[in-house]
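Derivation of every value follows stated rules applied to the coordinates shown; laboratory data play no part. Model, not experiment: these values are computed from the prediction. Cβ atoms come from the backbone with ideal geometry, glycine included; neighbour counts cover every protein chain shown.
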C-alpha cells in the first residue's frame, strides 16, 4: 500500500527547495513516505526531505555537519523532527523567519556533500 501524499506542489517554500536541491550535480527528487525527498542521484542517498510536523508545517530535514550541528540546534529555526532525531539529521523551519536562500543553499550543499559520490563532488567543484 502506497503512503498517502503529504504535500501539494504549491506548498510554501517547495519551489525554492526544489530549485536549490536540484541545482546540485545529479540530484533527483523522489517521492517517498508521501514527501519529496532529494537524493544524490535517482538511486542515491537522501540529503534532504521536505516535510512538516505539527507546529512546523513547512520544514526541510537535512544532514548537518557534525561540527556545526550543536550551533544549529541553538538556532530557534532548527529542531529535531520525529523519526530523524539521530545525528546528523536536523530540521529547518522554513516559516520561522524570512527564508535566506543563500543560507539554505549552504545548508543543502553541506548535506549533499555528506552523501554524494566522489564523481558528484568533483562536478560540484
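Listed values, structure above:
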| read-out | value |
| --- | --- |
| Residue order, fewest to most surrounding Cβ atoms within 10 angstrom, among 93, 15 | 15, 93 |
| The chain: relative contact order in percent, alpha carbon pairs under 8 Å with at least 6 residues between | 24 |
| Inter-label distance for residue 32 and residue 106, nm, one decimal - labels placed 7 Å from Cα along Cα-to-Cβ | 2.8 |
| 33, 89 arranged by Cβ crowding within 10 Å, fewest neighbours leading | 33, 89 |
